[in-house]
Amino acid sequence: MNTLFQNSAEPILFDLKDAELIYYPKFYESVDANDIFQKLLYEIPWQQDDIKVFGKVYAQPRLTALFGNDGKPYSYSNITMQPHPWNLILQKIKFQIENVVDENFSTVLLNLYRDGKDSNGWHADNEKELGINPTIASLSFGEERFFHLQHNTDKNLKLKISLEHGSLLIMKGTTQHYWKHHVPKTSRPIGNRINLTFRKIV
């Protein structure tokens, strides 16, 4: 990896009711993004958990991994994950994001979308472990996927962002209280996408 972080593009601030979203389309240059993507794809201990939906158990439609401080677990959708200790590349990424976001993250949840059939359903990152008004920093590598947001009470308020290779999306303020988001399936023939969501467990 030559230069881990090069902020070569100005951030985009979205004007949304009850939300604070900042998007860096090129948080990493393509050479560095490619290098990080390959390291994460082959060095992360990916796992696939089961989830229960309406009383039925399914294999989660993506692979995941959790890294964090002090062995603190993280729970969502009736899944409790135990963290791996930080490795070198994730520590470096965390440090660079914290310099931009002005936040100290304790945990990162990684998602591997293997193809267009892998997805993430509608949800908010509002688990009690994250406290009030959590800041979520979401990094994307690999194939571009659409990221949908919708307001909880005003269904006419929607946003769709194509998350680029090497991009960073920051969600902060009251976003998780008033908005839900998801990554839908796509019929397009696409390859792997890796998403890292940095958060702070309080």
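Could you list all residues from region 159-184 that are surrounded by fewer than 15 Cβ atoms within 10 Å (Cβ to Cβ) and among the charged types (D, E, K, R)? Of everything in region 159-184, just one residue is surrounded by fewer than 15 Cβ atoms within 10 Å (Cβ to Cβ) and among the charged types (D, E, K, R), namely Lys160.
Tell me which residues, restricted to region 36-82, are free of Cβ contacts under 8 Å to residues at least 24 places away in the same chain and open to solvent by less than 50 Å² (accessible area, probe 1.4 Å). Listed by number, the residues that qualify are Gln60, Gly71. Among the conditions (1) in contact with a Lys or Arg (Cβ under 7 Å, 6 or more places away or on another chain); (2) outside any loop (DSSP other than H, G, I, E, B); (3) surrounded by 15 or more Cβ atoms within 10 Å (Cβ to Cβ); (4) of a type outside the set (D, E, K, R), the only one that Gln96 does not satisfy is (1). Surrounded by fewer than 17 Cβ atoms within 10 Å (Cβ to Cβ) and either over 23 Å from His177 (Cα atoms) or of a type outside the set (A, V, I, L, M, F, W, C) (or both), is that true of Lys26? So Lys26 does not fit the description; no. Selection over region 1-57 of residues that are in contact with a Phe, Trp or Tyr (Cβ under 8 Å, 6 or more places away or on another chain), more than 20 Å from Val101 (Cβ to Cβ), of a type in the set (A, V, I, L, M, F, W, C) and modelled with pLDDT under 95 gives a count of 1.
The values are calculated or read from the model by the stated rules, or taken from the named source; none is laboratory data. Computed from a predicted structure; not experimentally measured. Using ideal geometry, Cβ is built from the backbone for each residue, glycine included, and neighbour counts are taken over all protein chains shown. In case anyone asks, the SASA skips ligands and DNA or RNA and just uses the protein heavy atoms, side chains included. Shrake-Rupley method; radii C 1.70, N 1.55, O 1.52, S 1.80 Å.
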